[in-house]
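Engineer: Before we start, here is the structure in question, set down as structure tokens.
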Amino acid sequence: MAISLAKTALLFLLCATTTGAQAPSSPPSLTDADEIRLGQAIADDFVAQVGMQPTPQTRKIDDYLQSVGDRVTAHARRKIPYRFHFDPSPSFRSAVGLPGGQIFVGAGILAYMDSEDQLAMVLGHEVEHIDLNQCRDRLIKVLSEQHLSVSMADKLKVDPFLPGYGREGELAADREGVLLAMQAGYSAEAAIRLLQTYIILGEQMPNTPKEAKENLERRIAQIRAVNAESKLPKPAAEKPLSLP
């Protein structure tokens, strides 16, 4: 799965809005503490499957991601500990938010970024999957479907948390994530530019679903509308990307 995860990450980003939205389950109940603990187990499985090995350099990048993420999550509704991690695989050209505040960012998507504002927009999107309880609802669904209790963290795998959250879920994460980043002083234009890059990449990839470009254009149009309607101050310039 480590190999397939990396190779399909870009496809998830291009086509995230085509994945069917899942309905939340009712039982079992889940506290924030439960979600944080189970989310750590899911993050550990991600690390194990991908084969991530920390180095002094990757720890420095983790710290930089955390510093930008802290500025973005200062405006999040859910006050849980958000943790940002660098996946050094160049073929992981996306990011993923997991239950309990765990967020992984791939080297592949960082390679396409030209400003810290673009990073903040990506982090804001993943944070909102958590902040809007999309990850939490999916966790409840997985626990219910696999007949697991909250004490069975060791049975959880990351795989069910990799697909997108349906058209409306992804648009909601875009909308609220852009607002989070804008509140932290970043430019929404950065998100538009990055999504335009993915349109170009999608056109160059064989077998890209035909609706991928339409989905990305829909997301861009929404971000433009959010930016136009916002009364937040627009930064004069974007911040440079300061990867160690």
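Engineer: Please go through the range 51-90 and pick out each residue that is of a type in the set (K, R) and open to solvent by 40 Å² or more (accessible area, probe 1.4 Å).
Structural biologist: The answer is R59, K60, R71, R77, K79, R83.
Engineer: Does the range 150-159 contain any residue that is out of contact with any Lys or Arg (no Cβ under 8 Å at 6 or more places or on another chain), buried (at least 20 other Cβ atoms within 10 Å of the Cβ) and of a type in the set (V, I, T)?
Structural biologist: Checked against the condition, which is being out of contact with any Lys or Arg (no Cβ under 8 Å at 6 or more places or on another chain), buried (at least 20 other Cβ atoms within 10 Å of the Cβ) and of a type in the set (V, I, T), the range 150-159 yields at least one hit.
Engineer: Taking interchain pairs and intrachain pairs at least six residues apart, which have beta carbon atoms under 8 angstrom, with the first residue in the range 93-110 and more than 14 Å from Y198 (Cα to Cα) and among the small types (G, A, S) and the second part of a strand (DSSP E or B) and open to solvent by 10 Å² or more (accessible area, probe 1.4 Å)?
Structural biologist: G101/R83; G106/A95; A107/F86
Engineer: Here's a follow-up. Modelled with pLDDT of 95 or more, in a loop (DSSP other than H, G, I, E, B) and surrounded by fewer than 17 Cβ atoms within 10 Å (Cβ to Cβ): does that describe R37?
Structural biologist: It is false that R37 is modelled with pLDDT of 95 or more, in a loop (DSSP other than H, G, I, E, B) and surrounded by fewer than 17 Cβ atoms within 10 Å (Cβ to Cβ).
Engineer: Out of the range 224-244, which residues are closer than 13 Å to V178 by Cα, open to solvent by 80 Å² or more (accessible area, probe 1.4 Å) and part of a loop (DSSP other than H, G, I, E, B)?
Structural biologist: Taking the range 224-244 as the starting set, the residues that turn out to be closer than 13 Å to V178 by Cα are 224-230, 232, 234.
Cutting the leftovers down to open to solvent by 80 Å² or more (accessible area, probe 1.4 Å) gives us 224, 228-229, 234.
Of everything in the range 224-244, just one residue is closer than 13 Å to V178 by Cα, open to solvent by 80 Å² or more (accessible area, probe 1.4 Å) and part of a loop (DSSP other than H, G, I, E, B), namely K234.
Engineer: Now a separate question. Looking only at the range 133-149, filter to residues that are outside any helix (DSSP H, G or I) and of a type outside the set (G, A, S); which one of those is most open to solvent (accessible area, probe 1.4 Å)? Can you show your working first?
Structural biologist: Here is the first cut: in the range 133-149, the ones outside any helix (DSSP H, G or I) are 133, 146-149.
This time we only want the ones that are of a type outside the set (G, A, S), so: 133, 146-148.
Working: N133: 55, Q146: 86, H147: 155, L148: 24 Å².
Looking at residues that are outside any helix (DSSP H, G or I) and of a type outside the set (G, A, S), I get H147.
Engineer: When both residues are 6+ apart or on different chains and their Cβ atoms are under 7 Å apart, which pairs have a first residue that lies in the range 219-235 and is at pLDDT 95 or above, and a second that is open to solvent by less than 20 Å² (accessible area, probe 1.4 Å) and β-branched (V, I, T)?
Structural biologist: Listed pairs, sorted by first residue: I220/I192; I223/V178; I223/I192; R224/I192; V226/V178.
Engineer: Could you list, in sequence order, all residues of the range 64-79 that are part of a helix (DSSP H, G or I) and touching a residue at least 12 places away in the same chain (Cβ under 8 Å)?
Structural biologist: Across the range 64-79, the qualifying residues are Y64, L65, Q66, V68, G69, D70, R71, V72, T73.
Engineer: Name the residues in the range 180-223 that are among the charged types (D, E, K, R) and either surrounded by fewer than 15 Cβ atoms within 10 Å (Cβ to Cβ) or in contact with a Phe, Trp or Tyr (Cβ under 7 Å, 6 or more places away or on another chain) (or both), would you? Don't jump to the end; show me each part of the working.
Structural biologist: Restricting attention to the range 180-223, the residues satisfying the condition of being among the charged types (D, E, K, R) are 189, 193, 203, 210-211, 213-214, 217-219.
Answer for the range 180-223, where residues must be among the charged types (D, E, K, R) and either surrounded by fewer than 15 Cβ atoms within 10 Å (Cβ to Cβ) or in contact with a Phe, Trp or Tyr (Cβ under 7 Å, 6 or more places away or on another chain) (or both): E203, K210, E211, E214, E217.
Engineer: Quickly run through the range 96-122 and pick out the residues that are of a type in the set (A, V, I, L, M, F, W, C), in contact with a Gly (Cβ under 7 Å, 6 or more places away or on another chain) and either in a strand (DSSP E or B) or under 25 Å from K141 (Cβ atoms) (or both).
Structural biologist: L98, I103
The values are calculated or read from the model by the stated rules, or taken from the named source; none is laboratory data. Keep in mind the model is a prediction, meaning the values are calculated, not measured. As a convention, Cβ positions derive from the backbone with ideal geometry for all residues, glycine included, and neighbour counts pool all protein chains shown. For the accessible areas, the whole protein counts, side chains as well, though only heavy atoms, and no ligand, DNA or RNA atoms are used. Shrake-Rupley method; radii C 1.70, N 1.55, O 1.52, S 1.80 Å.
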